[in-house]
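Presented below is the structure to which this report refers.
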Amino acid sequence: MKPLYKILSIIGITVLVGIIVYFIWNSLTGPTPQIPSGEVELPLGTPLPESGGVATTTTPETPISGEQKALQAQKFSKNPAFDFWIEKGTKEIYYLGLDGKIFSAKEGPDLDISSQTVDALNSIESSIKGEKVLVSFGNPLALQWGIFDSIDTVWRPLPADILSATWGGNERELIATIKTKDGISLASLDLTKTPFTYKTLVKDFRFNDVTLSMKTPDILLFWEKPSLGYAGRAWQVNTKTLLVTLLSSPQNGFSLAWSSDKTVGFRFIPPTSFSLITPNFSTLAPVFFSTFPGKCEGSATSTVYCFVPQITSLPTLDVRLPDDYLQNKFFTVDDLYAVDMKEEVADKIIEGNTNALPALDAEHPQLIDSTLYFINKYNRYIYKIEFPKATE
């Protein structure tokens, strides 16, 4: 073979190998969030279609929460956040940085509250007053738990045998599933004692990998983790009588979240079934849109706010809901809807990917007074939307 042909052959093989390596690397590393530019034209947002129906959209002439032009989304935190909570008394916003350090978000520079780092954050749940936060972290198959007290600014580790936990009827008690030598038990933890003391509620609980949430001081709600490959259910147990009641029949991909005041639940069943429910799992105000439960907040007695993915931002092929979204395999561009629970009217109040609401993928919205706070999944910063205050 002539030298020139040999050189060309070597170059061709090198390029081919490079292309193969590039595609293999991309398939292994997965997608990274790409923030759509405000200059990119996207079709007007429409909610996910109702189950068995056609996608619909409305643009109300008079939104129920004030003039649309007055609503703006603004970045609030100075650092990316894993999650945040609100202390109800002082209305102070606390957040966990991505490395577990804790800050207080302010209009000016954020305050350093704790420099303690925490690896592999998993979830947080604030107490009723917001003075403490329950945090899980570490290996998802063997989570560790701790409590941060924002008054004393100290961490308190919890026993290693806790599998899942939630706040009880007050800030002095936890309800938790406990790993024992005989299996799993349901117990209450007295946080005022040193060391913590257990009181067994159900000796043989027989429910594994569930999320816990108190409905009332005596009623515990619990449901299985969401996955399209598993038929999830929800139950409640009376911690006094120990009566267990099934609340939701098995549904693949069933996922659930609750408002901060526990008066309204947000239930999603793929591909597009979304509903607002009571703590007894009956339907509240009807809605024509569909979204993921972690994008809603509000109260059954006033207004519920939901960030709703524009249908153009959703993948159209080979999507597994809610798994792919929860695993960050894709990101959405959201509109903001308000549901007047008294009038049972749902309106879109802000169009996403505009000057008023840039391209945001919102999660964990929290409402305090007339301001809605939430995390933007694209960059993990806390944002806020201030609504016009009601006039007498």
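Some notes on this structure:
- Count - residues of region 96-147 that are part of a strand (DSSP E or B), under 22 Å from residue 208 (Cα atoms), among the small types (Gly, Ala, Ser) and over 18 Å from the mean Cα position of the chain (by Cα): 1
- Only residues that are more than 18 Å from residue 233 (Cβ to Cβ) and either modelled with pLDDT of 95 or more or aromatic (Phe, Trp, Tyr) (or both) were counted in region 180-190, giving 5.
- Residues within region 253-273 that are farther than 14 Å from residue 231 by Cβ, of a type in the set (Phe, Trp, Tyr) and buried (at least 23 other Cβ atoms within 10 Å of the Cβ), tallied: 2
- Verdict on residue 211 being without any contact (Cβ under 8 Å) to a residue 60 or more places away in the chain, within 20 Å of residue 270 (Cβ to Cβ) and among the hydroxyl-bearing types (Ser, Thr, Tyr): yes
- Residue that is farthest from residue 127 (Cα to Cα) [pool: residues in region 360-392 that are surrounded by fewer than 23 Cβ atoms within 10 Å (Cβ to Cβ) and aliphatic (A, V, I, L, M)]: 390
- Subset of region 129-150 [aliphatic (A, V, I, L, M) and free of Cβ contacts under 8 Å to residues at least 40 places away in the same chain]: 135, 141, 142, 143
- Filtered by the rule that a residue be modelled with pLDDT of 95 or more, outside any strand (DSSP E or B) and touching a helix residue (DSSP H, G or I) at 6+ places or on another chain (Cβ under 8 Å), region 285-322 gives a lone residue, 292.
- Count of region 310-331 residues which are within 14 Å of the chain's Cα centre (by Cα), on the phi < 0 side of the Ramachandran plot and touching a residue at least 12 places away in the same chain (Cβ under 8 Å): 5
- Checklist (1) in contact (Cβ under 8 Å) with a residue 60 or more places away in the chain; (2) part of a loop (DSSP other than H, G, I, E, B) applied to residue 261, failing item: (1)
- Filtering 386, 363 for residues that are of a type outside the set (A, V, I, L, M, F, W, C) and within 24 Å of residue 226 (Cα to Cα) leaves a single hit, 363.
The values are calculated or read from the model by the stated rules, or taken from the named source; none is laboratory data. Values in this document were obtained by computation on a predicted structure and should not be read as measured data. Because the Cβ atoms are built from the backbone with ideal geometry, glycine has one as well, and the counts that use them run over all protein chains shown.
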